[in-house]
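Each value in this text was obtained by applying a stated rule to the coordinates, not by laboratory testing. All figures in this text were calculated on a predicted structure; none of them were measured in a lab. Here the Cβ is made from the backbone with ideal geometry for all residues, glycine too, and neighbour counts use every protein chain on show.
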Amino acid sequence: MATVIAIILSAVLTNNFITKQTLGICPFLGVSKKTSSAVGMGVAVTIVMTLATAVTYPIYEYVMVPLNFAFLEIIVFIFIIASLVQMLEMIIRKVSPALYNAMGVYLPLITTNCAVLGVCELVIGDMSDLIGGAAMNFGWAVLYAFFAGLGFTLIMIIMSGMREKLNNIKVAKYLNGFPISMVTASFICMAFMVFTYIA
Amino acid sequence: MNKYKKITLDGIFFNNPTFILVLGTCPTLGLISSALSALEMGLAVIVILTLSNVIISALRNLIPNEVRIPCYIVVIATLVTLIRMVLDKFLPDVYEALGGFLALIVVNCIILGRAEAFANKHTVAESAVDGLSNGVGFTMALTAMGIICEFLGKGSLFGFEIMPFSIGMLSTPAGAFIVFGLSICAFTAIIDKFQRGARVKANRLARENLMGVNAAGEQTVEEVKA
C-alpha cells in the first residue's frame, strides 16, 4: 500500500512529467490555449500512455529480455506506440463519432509525444528510488503510467487557465506567444517545486 | 555555392530549430541545467540529423509517399539505437549524463521535421548541409542557454567552479523555462532587427536601380529626340 501511495504522489506531484522531468512539452505549449482542448489532449495522452505501457512492458519483460534482443527497445516501442495510436483512432471513430470529433484531432500528434515513449522507457529502467527494494511488476508499471498521465492533464489544465487569462492582457511584441507561455510555465514549475519536500 | 550558404544561414539563424521554430523543446529544457550535457546532446543530434537527412534523401525515390513517415521513423530509430550502443560502450559518462533523453531523440521533432520538410525533396549533398547546419543551430542554442543556466544556477562553467554563490532556482526546470523563454524573445528581436536592416538595404538598392534605369531611359529618350 505504501508503494502505491508513493507511486501516485511521485507521478502526479513530485516527479510530474512536465514540471520535473520536462517531457511532453510540445503539446503542453501547443494545445494549451483553451481549457477544453487542453482537457481533450490530457485525456488522450493519459489513455495512450496507460495502454502503451500495458503493451510494451510485458513485451519487453517477457519476450525481448529472454530472447536477448532488448537492445532493439526503441524501434519496437515506437512501432507499438504508432500502431496503438492508429488503432485507437479507428476504434474511436467507429464506436463514438462524438468522442472522435472532440479528441480525434489530438490523437495523431501523440505518436511523437515524448511523454509516451518516455514513460515506456522509464518503467523498464531503474525505479528503485520509488518502489524500494521490491521488484518492478506489471501492475505498478501501469499504475505509474496512468497517474503520470493524470499529472500531465493537471498541469495542462492549470496552464490553459492561465493562458486564457493572458489573452486579455497586452504583451510586449517579442514576448508574445512562446516566450510569455514559457515564463508562465516557469511559475507553475516553481509552485510544484514545493511538493518535493513531502517526499 | 550561394545555395549552400543560404541553407547554412537558414539552419543556424533565420530558421533556427530551437529559437525560431521552437522544436525539440523537451531535451532542451531537460538538459540546459548543465552546459556540458547540453553540448553533448547537441553533438549527438548533429550526428543523427546529418546521417538521417543523408539516408532519407538518398532513399527519397524508393520510399512510397503513403508510408513515408513510418519509413523515416525506422531510419531515425535505427540511428538512435546505434548511437546509444556506441556511447554506452565508449563514452559511458556521456551515456549517463544524457540519460533518458538519448532514447527520446527518436521523437525529437527537429529530425522528423527536417526529413519531412527538406530531405525528401532535395539532393544528398544539400540535405547533408541542411542537417549539419540545423544541428549546429540546435547545439549553439543549447550550449548558450546551458552556459547561462549553469553559470547563474550552479556558479560553474562546464563543471569548473567560478562563482562561490549561485541562484539555485535557475538550475531546476523552472529556471530552464524562464531562460528558454527570454532567450527566444531576445533571439527573435535580434533576427528581426537584422532582417529589417537587410530589407531596408534591399529596398534602397532596388530604388537606386529603378532610378538608374529611369535616368538611363530619360537619357535615351533625350538622345532619340536629339
For the pair A:Arg93/B:Lys6, report the inter-label distance in nm, with labels modelled 7 Å from Cα in the Cβ direction.
3.8
Could you work out the mean projected area of the convex hull around the alpha carbons of the stretch A:2-197, in square nanometres to one decimal?
12.5
Just tell me, in residue order, which DSSP H segments of chain A are both 27 angstrom or longer along the helix axis (alpha-carbon based) and at least 0.5 in mean Kyte-Doolittle hydropathy.
A:35-58, A:73-95, A:138-166
Summed residue charge, Cβ within 14 Å of A:Val39's Cβ, Lys/Arg positive, Asp/Glu negative
+2
Hey, in the GNM for chain A with a 10 angstrom Cα cutoff, which one of A:Leu150, A:Leu166, A:Leu72 fluctuates hardest?
A:Leu72
Using a basic spin-label model with each label point 7 Å from the Cα along Cα→Cβ, how many nm lie between A:Ser83 and A:Leu67?
1.2
At R0 = 45 Å, FRET efficiency that the Cβ-Cβ distance of B:Lys121 and A:Thr196 yields, to 0.05:
0.40
Residue order, fewest to most surrounding Cβ atoms within 10 angstrom, among B:Thr143, A:Thr35, B:Thr25, A:Thr19:
A:Thr35, B:Thr143, B:Thr25, A:Thr19
With the crude spin-label approximation of a point 7 Å out along Cα→Cβ, what separation in nm comes out for A:Val171 versus B:Leu210?
3.7
Based on C-alpha coordinates, I'd like the Rg and Dmax of the stretch B:3-201, in Å.
17.7, 59
Taking each full run of DSSP H in chain B as one helix, which ones are at least 18 Å long along their axis (Cα atoms) and have mean Kyte-Doolittle hydropathy of at least -1.0?
B:35-58, B:68-90, B:124-154, B:173-225
Suppose the chain between A:Val183 and A:Ser128 were pulled fully straight at 0.36 nm per residue; how much longer would it get relative to their current alpha carbon spacing?
16.5 nm
Could you tell me the calculated FRET efficiency between B:Ile162 and B:Phe194, based on Cβ-Cβ distance and R0 = 45 angstrom, to the nearest 0.05?
0.90
For a quick check: sort A:Cys114, B:Cys71, B:Cys26 by the number of other beta carbons within 10 angstrom, fewest at the front.
B:Cys71, B:Cys26, A:Cys114
Sorted by Cβ neighbour density within 10 Å, fewest at the top, the residues A:Tyr60, B:Tyr4:
B:Tyr4, A:Tyr60
Once you've got the GNM for chain B with C-alpha springs shorter than 10 Å, pick whichever of B:Ser52, B:Ser156, B:Ser37 has the biggest mean-square fluctuation.
B:Ser156
